[in-house]
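Here the structure is laid out as structure tokens; the discussion comes afterwards.
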Amino acid sequence: MNIAELKEEIIRYSKTIGIDKIGFTTASTFDGLRNRLMIQQELGFQSGFEEPDIEKRVNPALLMDQPMSIISIALAYPTKMKDRVVSKPGERRGIFCRASWGDDYHLVLKDRLSKLEAYLEELVPDVRFTSMVDTGALSDRAVAERAGIGWSGKNCSIFTPEFGSYVYLGETITNIPFEPDEPLESKCGTCTKCIDACPTGALVQGGQLNAQRCISFITQTKGFMPDEFREELGNRIYGCDTCQTVCPENKGKDFHFHEEMEPDSEIVKPLLKPILHMSNKEFKEKFGRLSGSWRGKKPIQRNSIIALAHFKDESAVEDLIMLMKKDPRPVIRGTAAWALGKIGGEEAEKALQALQASENDPEVQQEIEKGLKMFNPIM
């Protein structure tokens with residue numbers, strides 16, 4: 001079997017194991033990406049979750065000896081729940097972004113890549129490879145763009161003609177010299193809907209994202225959320241879909257190809273108040289299968305408090321007061337104090353006044369003061 005035939009066989013096999021799209025590119029360095037990453041680093045626009053060594057992000061030869069090609073794969077994920085639940089007064093709900101619906105996509109893609117690796121070994125006994133998904137050194141999007149999976153949109157997502165940007169990406173570096181596929185031409189044109197709609201102005205310009213201002217990143221932080229972002233969070237408790245949902249290329253895109261990606265509406269759009277009191281064990285039992293649980297319960301609980309404030313949910317006042325009195329974590333106590341100020345009411349005000357005298361943490365004290373000022377803006 002020659003290389004061209006091998007490539008066609010890999011494409012054929014990929015369809016049988018649940019890979020929705022596959023592309024091939026060379027293992028040469030990503031020189032254009034290097035320049036962009038250096039600019040992002042200089043501007044302080046990186047999230048801090050990335051591989052810190054830029055050279056490893058752009059040079060496959062630093063990740064595997066004598067690489068020849070990279071195989072890029074994409075799996076389409078759903079955008080709509082089959083059994084939709086509605087948030088209502090007294091039973092307010094938060095929302096996980098679509099990329100965190102179903103089983104953790106890292107595990108799903110690793111499953112597909114491991115099957116692809118095994119098949120490569122069956123066909124080419126001396127094959128070498130290394131695979132990665134999201135947390136690997138390479139940029140999944142840069143690989144996918146060069147492999148013809150899709151074009152890089154102005155919101156920094158990869159857009160496939162078939163599935164829009166609602167795809168998970170992964171790749172396998174290999175020593176097989178596959179013929180590379182051609183990159184696709186961008187269809188973004190003069191459209192700036194994603195840039196205009198970004199709640200926090202994180203999209204600086206087409207193709208440039210300040211991750212430090214991106215709600216998707218902000219929901220994953222563990223400290224106090226800056227005030228300016230609390231107002232924009234809405235009921236998001238993990239991630240953000242705005243720049244995808246406003247895109248004309250994504251209109252009508254909704255694919256349900258993979259059972260393990262199907263969302264449980266009670267999990268991905270959960271009731272907010274029960275989250276506030278979950279133990280670690282309860283959190284893992286309910287949310288552990290989601291990729292959005294990777295930072296643990298603290299960010300999700302903090303975001304849930306802010307979401308309750310967004311709804312001005314008076315039924316949550318008692319829960320928030322209890323957090324202020326008993327939770328050992330300053331971030332949770334302080335965020336609860338701020339939320340009480342946003343929700344308002346006599347009970348909330350009295351609780352803030354009472355706890356102001358007993359709270360010892362200076363950051364929590366600041367949050368209590370913020371809460372009290374909402375009752376009396378001239379304080």
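A few comments on the model shown:
- Filter pass, residue 182 being more than 17 Å from residue 101 (Cβ to Cβ) and at pLDDT below 95: no
- Some residue of segment 273-281 being part of a helix (DSSP H, G or I) and under 21 Å from the mean Cα position of the chain (by Cα): yes
- Qualifying residue in segment 102-115 (condition: small (Gly, Ala, Ser) and farther than 30 Å from residue 189 by Cα): yes
- The set of residues in segment 45-58 that are in a loop (DSSP other than H, G, I, E, B) and either touching a Leu at 6+ places or on another chain (Cβ under 9 Å) or under 30 Å from residue 250 (Cα atoms) (or both) comprises 45, 46, 47, 48, 49, 50, 51, 53.
- Test for residue 35: is it out of contact with any helix residue (DSSP H, G or I) (no Cβ under 8 Å at 6 or more places or on another chain), assigned by TED's automatic domain parsing to the domain that holds residue 143, surrounded by fewer than 19 Cβ atoms within 10 Å (Cβ to Cβ) and on the phi < 0 side of the Ramachandran plot: yes
- Segment 23-44, residues that are small (Gly, Ala, Ser) and either assigned to a loop (DSSP other than H, G, I, E, B) or at pLDDT 95 or above (or both): 23, 27, 28, 44
Matching residues to (1) free of Cβ contacts under 8 Å to residues at least 24 places away in the same chain; (2) over 18 Å from the mean Cα position of the chain (by Cα); (3) in a loop (DSSP other than H, G, I, E, B):
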{"site": "148", "(1), (2), (3)": "no, yes, yes"}
{"site": "159", "(1), (2), (3)": "no, no, no"}
{"site": "162", "(1), (2), (3)": "no, yes, yes"}
{"site": "172", "(1), (2), (3)": "no, yes, no"}
{"site": "183", "(1), (2), (3)": "no, yes, yes"}
{"site": "190", "(1), (2), (3)": "yes, yes, yes"}
{"site": "231", "(1), (2), (3)": "yes, yes, no"}
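- Those helices (runs of 4 or more DSSP H) of segment 293-371 in which at least 3 residues are closer than 20 Å to residue 237 by Cβ and of a type in the set (A, V, I, L, M, F, W, C), considering only elements entirely within it, cover 297-311, 317-326, 330-343.
- Within segment 261-292, the set of residues being in contact (Cβ under 8 Å) with a residue 12 or more places away in the chain and either of a type in the set (S, T, N, Q) or loosely packed, with under 14 Cβ neighbours inside 10 Å (or both) comprises 265, 266, 277, 280, 291.
- Candidates 196, 134, 126, 103 - the one that is over 27 Å from residue 264 (Cα atoms), assigned to a loop (DSSP other than H, G, I, E, B) and of a type outside the set (Gly, Ala, Ser): 126
- Restricted to segment 59-96, and to residues there that are free of Cβ contacts under 8 Å to residues at least 60 places away in the same chain and not in a loop (DSSP other than H, G, I, E, B), the residue that is surrounded by the most Cβ atoms within 10 Å (Cβ to Cβ) is 61.
- Selection status of residue 144, without any contact (Cβ under 8 Å) to a residue 40 or more places away in the chain, buried (at least 20 other Cβ atoms within 10 Å of the Cβ) and either basic (Lys, Arg) or in contact with a Leu (Cβ under 7 Å, 6 or more places away or on another chain) (or both): no
- Taken together, the residues in segment 293-309 that are surrounded by fewer than 21 Cβ atoms within 10 Å (Cβ to Cβ), among the charged types (D, E, K, R) and closer than 17 Å to residue 240 by Cβ amount to 1.
- Among (1) assigned to a loop (DSSP other than H, G, I, E, B); (2) out of contact with any helix residue (DSSP H, G or I) (no Cβ under 8 Å at 6 or more places or on another chain) - the single one residue 121 does not satisfy: (1)
- For segment 18-34, filtering for residues that are within 25 Å of the chain's Cα centre (by Cα) and farther than 19 Å from residue 151 by Cβ leaves 3.
- Note on segment 204-243: residues that are aliphatic (A, V, I, L, M) and surrounded by fewer than 19 Cβ atoms within 10 Å (Cβ to Cβ) total 2.
- Looking only at residues of segment 98-113 that are over 14 Å from residue 167 (Cα atoms) and hydrophobic (A, V, I, L, M, F, W, C), we find that the one that is surrounded by the fewest Cβ atoms within 10 Å (Cβ to Cβ) is 107.
The values are calculated or read from the model by the stated rules, or taken from the named source; none is laboratory data. Nothing here was measured: the structure is a model prediction, and the numbers come from that model. Ideal geometry is used to build each Cβ from the backbone, glycine not excepted, and the neighbour counts take in all protein chains shown.
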